[in-house]
Amino acid sequence: MTSTKKYIWGTSPFAKRLSEEIKLVANTNLTVIISGESGTGKEHVANTIHRHSPRQSKQIVAVDCGSISEKLFESELFGHEAGSFTGATRDKTGLFELANHGTLFLDEITNLSYANQAKLLRALQERKIRKVGGKKSIEVDIRLIAATNSNIRNAIAKGIFREDLYHRLNEFNIDIRPLRNRKDDIPSFIDSFIEEANADLFKNVKSIDKKALDKLIAFPWPGNLRELRNVIRRSVLVARNESITQECLPAYLDLSLKSENGKNGYPLLNGKGLEDVLHKTEKNIIENTLQSTHYDLDRTSDLLKIHKRTLYKKMKRHGIRWQRNT
Ligand SMILES: Nc1ncnc2c1ncn2[C@@H]1O[C@H](COP(=O)(O)OP(=O)(O)OP(=O)(O)O)[C@@H](O)[C@H]1O
Ligand SMILES: [Mg+2]
C-alpha cells in the first residue's frame, strides 16, 4: 500500500523545515500527528516517513477512520474469529496485525467515535490486541502515524476528541501549511507535476510560460496540492506545444477573486453597494471551492467551514447547481 509517488521536497524555508522534520522523525518510533488542510499532502508525508524509516521493508497500512462503521471498528482493526457475530463466517486478520512490524496510518483521526477512541487508546497503551471473539492477546509492534484536517484542540475543547488519546498520539507533531502560505514552493511542484503528467499521459511538455505561472502563483488553491496537481495534469493534456500557456489553464482559475480585488486585496465596490459585493464574493468563493473539489459537497463544506446544510442553502440562493464529476 506504500505510495510510490515521488515526494517533492520544495525550496521554501517552510519546506526545508518540513523535510528536516520528516527525516528526523522517520528514524524513530515516535507516534506522529500530521495536521493540515485537505490536499496539503498529509498521507504523502506519512508514506514518506514510512519509506525513510527502519520499517520500510514492511507495510504501511492506512485506515480511513471516517469510513469504518461504528459497529465494525473492532473487527476491522483487531480482527475477529469465525462465529463471533452474525456474518463472521471466517477468521479475519485486523489492520493492526497486518501492520505488524510496519506502520499503521490512521487517517482523519477526529472522525472516530468517542467509544472507539477508547478502544484505540487501550490498544496503543498495551500494544496488544484481542480479536473479537478471541481469548488470547496478540502483541503488536507498530509505528503509528495519525492525520487530521481539523483542529484537534478544538475537538478536545468541544468534548468530541479524548484528550488522553491526543497526548498518547502527539509525540511529534507535523503541521503542513496550506499551499497559499508557501507560494515559493509552487514552481517546484509545478515542474515535478509536469514531469509526472508527461510520463502518465505520453506528452512532452517542457515548461510553463510566465503569464500562466503568475496566474498559478496568484491563485489561492483551496484544494492545495491535490488541486494544483489536477490543474497541471489537465493543462499538460490540453497543451498543443511544449509550453503550458494561459489558454491551457482551466477557466475557473479566472473566476478567482483576484480579478475583482483592489490592490489591498479587498473586493472593489465599483459603484455597487456592500451587500451586492458581499453576495457576489460569497458566490465566487462557493463556486471556486466547488470546482476545486470537483463538486464534492463534504469537502467543500469542510473547506468553507460551514455545515453541509448551510452550503446547500447558499448554493440554492446563488442558483449554483451541483454537477457530477466536473
Ligand atoms: N510533497 C509532495 N510531493 C509530491 N506530491 C505531493 C506532495 N504532497 C502532496 N502531493 C500530492 O498531492 C495530492 C494530495 O496529497 P495527500 O492525499 O497526501 O493529501 P491529504 O492532506 O492527505 O489530503 P486529504 O486531507 O484530502 O486526505 C496527492 O496527489 C499527492 O501525491
Ligand atoms: Mg489524506
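Laboratory data are not the source of any read-out in this text; all were calculated from the coordinates shown. Quantities reported herein were computed from a predicted structural model and do not represent experimental measurements. In this analysis, Cβ positions are derived from the backbone assuming ideal geometry, glycine residues included, and neighbour counts consider all displayed protein chains.
The Cβ shell under 13 Å around GLU247 holds other residues with a net charge of +2, Lys and Arg each +1, Asp and Glu each -1. Note on LYS206: lysines with a C-alpha under 30 Å away, same-chain residues under 8 apart excluded, are LYS5, LYS6, LYS16, LYS42, LYS183, LYS215, LYS258. Under 19 Å from a label point set 7 Å out along the Cα-to-Cβ vector of SER69, the amide N atoms of segment 129-143 belong to 132-133. Do you know the relative contact order of the chain, to the nearest whole percent, from alpha carbon pairs under 8 angstrom that are 6+ apart? Rounded, it is 17 percent for the chain. Remark: the ALA199-ASP91 segment gains 34.7 nm on full extension, using 0.36 nm per residue and subtracting the alpha carbon distance. Let a ≥ b ≥ c be the square roots of the eigenvalues of the Cα gyration tensor of segment 1-52; is it rounded (a/c under 1.5), or, if not, prolate (a/b larger than b/c) or oblate? Here segment 1-52 falls in the rounded category.
According to the Cα-based calculation, Rg over Rh for the chain is 1.02, with Rh computed by the Kirkwood formula. Sorting the segments 142-152, 23-33, 187-197, 283-293 by their mean number of nearby beta carbons within 10 angstrom, highest to lowest, gives 142-152, 283-293, 187-197, 23-33. Could you state, as a whole-number percent, how many of the C-alpha pairs of segment 26-89 are farther apart than 13 Å? Cα-Cα pairs in segment 26-89 separated by more than 13 Å: 73 percent.
With the convex hull constructed from alpha-carbon coordinates only, segment 102-230 shows a mean projected area of 11.6 nm² over all directions. If you build a Gaussian network model of the chain, linking Cα atoms that sit under 10 Å apart, which residue out of LEU98, LEU253, LEU72 swings the most? For the chain, modelled as a Gaussian network with Cα springs under 10 Å, the answer is LEU72.
Within segment 237-254, whose backbone N sits under 15 Å from a point 7 Å along Cα→Cβ of LYS206? Only 240-245 pass the distance filter.
Beyond 16 Å, the tail of the calculated P(r) for segment 180-249 holds 38 percent of the Cα pairs.
Here the gap between ARG234 and ARG168, fully extended at 0.36 nm per residue and compared with their Cα-Cα distance, gives a gain of 19.6 nm.
Which of the peptides 79-85, 101-107 is most tightly packed, and how do the rest follow, judged by the mean count of other Cβ atoms within 10 Å per residue? Let's see the in-between values first.
Values: 79-85: 16.0, 101-107: 22.4.
Averaged packing, sorted descending, gives the order 101-107, 79-85.
The tail of the calculated P(r) for segment 267-326 beyond 16 Å holds 43 percent of all Cα-Cα pairs. Computed over the alpha-carbon pairs of segment 13-177, the distance histogram in 5 Å steps reads 2, 9, 18, 21, 20, 15, 9, 5, 1, 1, 0, 0 percent, short to long.
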